[in-house]
Structure formats: C-alpha cells, structure tokens
1. Can you give the three extents of the C-alpha atoms in the chain along their principal axes, from longest to shortest, in whole Å?
2. Suppose a student asked you for the relative contact order of segment 2-64, using Cα pairs under 8 Å spaced at least 6 residues apart; what percent would you report?
3. What 222 nm value per residue comes from the helices of the chain, counting each DSSP H run with n ≥ 4 as -39,500 (n - 2.57) and dividing by all residues, nearest 500 deg cm²/dmol?
4. Distance between the C-alpha centers of segment 36-57 and segment 1-33? Whole Å please.
5. Please arrange 35, 8 by how many other C-beta atoms lie within 10 Å of their C-beta, fewest to most.
C-alpha cells in the first residue's frame with residue numbers, strides 16, 4: 001500500500017517537520033519513505049516485535065468493538 005500527502009498539503013509545517021525528524025529513508029524494516037515526494041510505502045505487514053511504539057492491543061480491540 002502507498003500513502004501520499006496531497007499536493008496542496010505538502011507545504012504544511014507539520015509534514016515538513018515530520019520529514020526533518022525521520023532518520024534515513026527506511027525508519028522501519030516494513031516501511032519505505034520518499035521524503036522529497038512525501039510518499040510512504042508499506043513493503044510488508046509488520047510483525048508485532050517490529051513495532052517499537054508502545055501499543056495496548058486490547059484497548060484497540062475494545063475501541064473498535066463498540
């Protein structure tokens with residue numbers, strides 16, 4: 001899957017700041033970034049141990065089951 005920022009939104013400071021803080025073009029093994037075009041490509045579905053951010057899966061399940 002490919003995610004892209006709309007052309008009219010590319011100049012927004014939030015996207016520019018985000019790209020400045022990302023180190024390299026592959027911040028995660030399952031994600032490739034094109035910083036110049038503001039495009040992200042999911043190369044594969046990440047395994048749970050590849051996701052560094054703290055996630056409480058049970059809270060996500062509870063939210064979407066409402």
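A short reminder: the numbers here are calculations on the coordinates, not readings from a lab. Note that the structure is predicted; figures quoted are calculated from it, not measured. So basically every Cβ, Gly included, is an ideal-geometry build from the backbone, and we count neighbours across all protein chains shown.
1. Each principal axis gives a Cα extent; for the chain these are 36, 27, 22 Å.
2. Numbers: 43 pairs, mean separation 18.7, N = 63.
Answer for segment 2-64 is 30 percent.
3. That comes out to -7000 deg cm²/dmol.
4. First find each Cα centre; the distance between them is then 13 Å.
5. Working: 35 14, 8 7.
Listing 35, 8 from fewest to most nearby Cβ atoms yields 8, 35.
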